[in-house]
Amino acid sequence: MLFYDFEVFVEDWLVVITDSNNQSETIFHNDEQGLIKYYNVHKKDIWIGYNTRHYDQYILKAIICGFSPQEINHWIINKREPGWKFFKDFWKITLLNFDIMTNKFRSLKQLEGFMGHDIRESSVDFTIDRVLTPDEIEDVIKYCRHDVHETMHIFSVNIEEFQSQLELLKMFNLPIRNVSKTKAQLSAVILEAKQPKVERTDEFDFTFPPTLQLNKYAEVIDFYKENKDYKKVLELEVAGVPHLLAWGGLHGARNNYIGTGYFLNIDVASYYPALMIEYGYLSRNVKNPDKFREIRDTRLNYKAAKDKRQAPLKIVINGTYGASKDKYNALYDPLQANNICIAGMTLMLDLIENLEPHCEVIQSNTDGVLVKIKHPDDYGLIDDICYEWEQRTRMELEFDEYVKVIQKDVNNYIVVDAEGNYKAAGGWVKKLSPLDNDLPIVNEAVVNWFVHGIDPEDTIFGCKELIKFQKIVKVSNKYDYARYGTRRIDGKVFRLFASVDPNDKELRKVKDGVANKIAYAPELSFIINDDVNDMAVPTKLDYWWYWDLAIERINAFIGEEK
C-alpha cells in the first residue's frame with residue numbers, strides 16, 4: 001500500500017509517497033519521468049489518499065498521459081470540473097486508488113484538528129507565479145509529508161472501511177481494480193446492474209403497496225398522487241404530533257419533550273431492502289433480483305452468528321437505495337426509488353394509525369416510531385398490533401425499551417434504558433468520535449446533566465483535558481480569508497479556545513470586505529494549531545463560556561430561553 005499526496009503550484013509540483021510495507025518515503029519534484037517510472041513499478045500496488053478520487057489520482061494520470069499537472073489542477077480547482085472529464089482515456093490508466101474520505105464536506109485538516117493533531121499549514125502560497133525557492137520547497141515537502149502521515153493515521157482509525165471493501169471483492173470474486181470504486185458503484189457491480197439503452201420516462205408512475213391500509217390519514221395518498229414536485233412538503237398532524245412528509249421520508253416529534261415511564265422504540269428491520277425484496281422495488285437494472293435477496297439473507301445469518309462478514313454485506317444492501325437515485329450509477333432507477341420511499345412512509349403511517357389509540361407517539365421517522373405505553377401491561381396489546389402489521393406487510397419489527405426520553409426535536413434526542421445506558425442523536429448530544437471531536441466538553445456536560453444529573457459546572461470545571469474544549473473552524477472557499485481581530489491570518493482551518501484574556505481577539509471569515517461571525521466561535525479566543533493532546537489547560541481558558549453554551553443547549557432541550 002502506498003500513501004500519497006500531491007501539491008501543485010504555478011511553476012512547481014511535488015508528490016510525497018510513503019510505502020507502508022517498508023516505511024520508505026519517495027518524493028518527486030517536477031520529475032515527470034521519475035514518477036512515471038515509479039508508477040510502472042508500483043502500478044499493481046494500492047494507492048491510498050484523502051480526496052484522491054476527485055483530485056490526486058487525476059494529477060498522476062495527467063502526468064502519465066503527458067499533460068502538465070497545472071492543466072488538470074486548473075481544470076479541477078479553478079473550473080470546478082470533474083477530473084474524469086478532462087481526458088477521455090484516463091480510464092485506460094491502471095490505478096488501484098482507494099480514497100479514505102467518507103465525508104465530502106470535511107477536509108483532511110479538519111479531521112487532523114478533531115484528533116488534536118498539528119494543523120499548521122505551509123506558509124507557501126499556492127498562487128505564487130514563479131519557481132519556488134529551495135526553502136519554500138522544503139516547507140511544502142514538510143507540509144505534504146505531514147498530510148501523508150495523517151492520512152495513514154485516519155486510515156488506521158477507519159480500517160474497517162478498507163477491510164470491508166477487500167472482503168466484498170473476495171466474497172464475489174471481483175478483480176482488484178474494483179477497490180477504487182465507491183460503495184454505491186461496488187454495489188452495482190456486485191448486482192450486475194446495467195442501465196437501459198433507452199432512458200425510462202416513468203419516474204412518477206409509482207404505485208402504493210397492495211398491503212397498505214390507510215383510513216384516518218388517507219389524504220397522504222392523494223398528496224403523492226397529485227404531486228410531482230420533489231420540493232413540495234405535506235405538513236400533517238399525526239397522532240397529535242406535527243409531521244412533515246416529503247420525497248425523502250417522513251418525520252415528526254414532540255418538541256421539548258422530557259418524560260419518564262415505559263417507552264418502546266419500534267423499528268423496521270432493514271426496511272428499504274425488505275421493501276425491495278417483498279414488493280419488487282429493487283432497481284430494474286439488476287440482472288438477477290434473487291441475488292439481492294440471497295445477499296440480504298446471508299447477511300442476516302452472519303449477523304445472527306456474530307460473524308464479522310455481515311458488515312461488508314450491509315454495505316451492498318444499504319447502498320442500493322441511494323444508488324438508485326444517482327443518474328451516474330448503473331443502479332439508477334428513479335421510479336423504484338420513489339416506490340421505496342413512498343411505500344416506506346405510508347406503511348409506517350399505517351402502523352402509527354393502528355398504534356395511536358393505545359399509546360402516545362413521541363417521535364417517528366421513515367423507519368421507526370417511538371411510543372410511550374400507558375402501562376407496562378399494555379405491552380401485549382401493542383405487540384399484537386405490531387404482529388398484525390408484520391404479517392400483513394411482510395416486514396419485521398425490532399423493539400428497544402427505554403425509561404426516559406429527552407427530546408429537543410426529531411433530530412436531537414437522548415433515550416435512556418433501565419440500566420442507565422443511553423443512546424443519543426444530534427450534534428449537541430451524540431457521542432463524538434476522534435474524527436468529529438468538536439466542542440466535546442459541551443456535549444458531555446449536556447448529556448451528564450440529563451442522564452446522570454451531574455451539574456454542568458462540575459463537568460466543565462472538573463475537566464483537565466485541553467482537547468475537550470477545542471472548537472475546530474474551517475473557512476471555506478466561499479470566503480476570501482480569515483481575520484483575527486483586525487489582522488488577516490493565513491490558513492483555512494483553526495483550533496479555537498474561549499479566552500478570558502482581553503488581549504485575545506475574535507476569529508471571523510471575510511467575504512468582499514465584510515467580516516462574518518463564525519457559529520459557536522467565542523468573541524474572545526486564542527488559537528492553538530499545534531498538537532494539543534498532551535497540552536496543559538492554560539489559565540486563560542474561559543470555562544464559563546463553555547458553561548454558558550451548555551446551559552443554552554440544555555434550555556433549548558427544555559424549551560426555555562436562556
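The values are calculated or read from the model by the stated rules, or taken from the named source; none is laboratory data. Model, not experiment: these values are computed from the prediction. All Cβ positions, even for glycine, are placed from backbone atoms using ideal geometry, and neighbour counts span all protein chains on display. Just so you know, the surface numbers come from the protein's heavy atoms only, side chains and all, with ligands and any DNA or RNA stripped out. Shrake-Rupley method; radii C 1.70, N 1.55, O 1.52, S 1.80 Å.
Which FRET efficiency value, to the nearest 0.05, do you get for residue 377 and residue 308 by plugging their Cβ-Cβ distance into 1/(1 + (r/R0)^6) with R0 = 41 Å?
On the way: r = 40 Å, r/R0 = 0.98.
Efficiency, rounded to the nearest 0.05: 0.55.
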_Could you derive backbone 3J(HN,Hα) for segment 147-162 from the dihedral phi with the Karplus parameters 6.51, -1.76 and 1.60 (θ = phi - 60°), listing whole Hz in sequence and x where the residue is Gly or Pro?_
5, 5, 5, 5, 4, 5, 5, 5, 4, 5, 5, 9, 4, 4, 4, 6
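Give the Rg/Rh ratio for segment 402-462, taking Rg as the radius of gyration of the Cα atoms and Rh as the Kirkwood radius, to two decimals.
0.96
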_If you roll a 1.4 angstrom probe over the protein chains with everything in place, what fraction of the accessible area of segment 138-286 belongs to carbon and sulfur, to the nearest %?_
48 percent
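For segment 451-562, what is the accessible area per residue in Å², given a 1.4 Å probe and the full set of protein chains? Mind dumping the intermediate values first?
Working: 5910 Å² over 112 residues.
Per-residue value: 53 Å².
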*Cα-Cα over 27 Å, subset of 79/505; 142/430; 216/374*: 79/505; 142/430
*What's the FRET efficiency of residue 523 with residue 400 using the Cβ-Cβ distance as r and R₀ = 45 Å, to the nearest 0.05?*
0.60
*Got a sec to turn the phi values of segment 353-365 into Karplus ³J(HN,Hα) couplings, 6.51 cos²θ - 1.76 cosθ + 1.60 with θ = phi - 60°, whole Hz, x for Gly and Pro?*
4, 7, 7, 3, x, 10, 7, 9, 7, 9, 7, 9, 9
*Specify the inter-centroid distance of segment 333-347 and segment 1-71, based on alpha-carbon positions, in whole Å.*
43 Å
*asked:* From the helices alone, meaning DSSP H stretches of at least four residues, give me the mean residue ellipticity at 222 nm for the chain, per-run term -39500 (n - 2.57), in deg cm²/dmol to the nearest 500.
replied: -10500 deg cm²/dmol
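Kindly rank 175-182, 38-45 from highest to lowest mean number of other beta carbons found within 10 Å of each residue.
On the way: 175-182: 15.2, 38-45: 13.4.
Final packing ranking: 175-182, 38-45.
Taking R0 as 51 Å, what FRET efficiency do you get between residue 511 and residue 301 from their Cβ-Cβ distance, rounded to the nearest 0.05? Mind showing how you got there, number by number?
Numbers: r = 55 Å, r/R0 = 1.07.
In this case the efficiency is close to 0.40.
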*Take each of the peptides 98-107, 239-248, average the number of other beta-carbon atoms within 10 Å over its residues, and list them starting from the highest.*
239-248, 98-107
*Step through the residues of segment 322-339 one at a time and calculate ³J(HN,Hα) from phi using the Karplus curve (6.51 cos²θ - 1.76 cosθ + 1.60, θ = phi - 60°), rounding each to whole Hz and writing x for Gly and Pro.*
x, 5, 5, 9, 9, 5, 8, 9, 5, 8, 4, 7, x, 4, 5, 4, 5, 4
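Given 0.36 nm per residue, what is the gain on full extension from residue 418 to residue 540 after removing their alpha carbon distance, in nm? Write out the running numbers ahead of the final one.
Numbers: separation 122, 0.36 × 122 = 43.92 nm, distance 4.11 nm.
Length gained, residue 418 through residue 540: 39.8 nm.
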_residue 96 long-range amide H proximity, modeled H, under 5 Å_ = 47
*With a/c under 1.5 counting as rounded, go ahead and sort the chain into rounded, prolate or oblate using the C-alpha gyration tensor (a ≥ b ≥ c being the square roots of the eigenvalues; past the cut-off, prolate if a/b is larger than b/c, else oblate).*
oblate
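Where does each of 116-123, 185-192 land if you order them by average Cβ count within 10 Å, highest first? Can you show the working numbers first?
Details: 116-123: 18.9, 185-192: 22.0.
Descending mean neighbour count gives 185-192, 116-123.
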*Could you list which residues have their amide H under 5 Å from that of residue 51, counting only those 5 or more apart in sequence or on another chain, with H placed in the peptide plane?*
100, 101
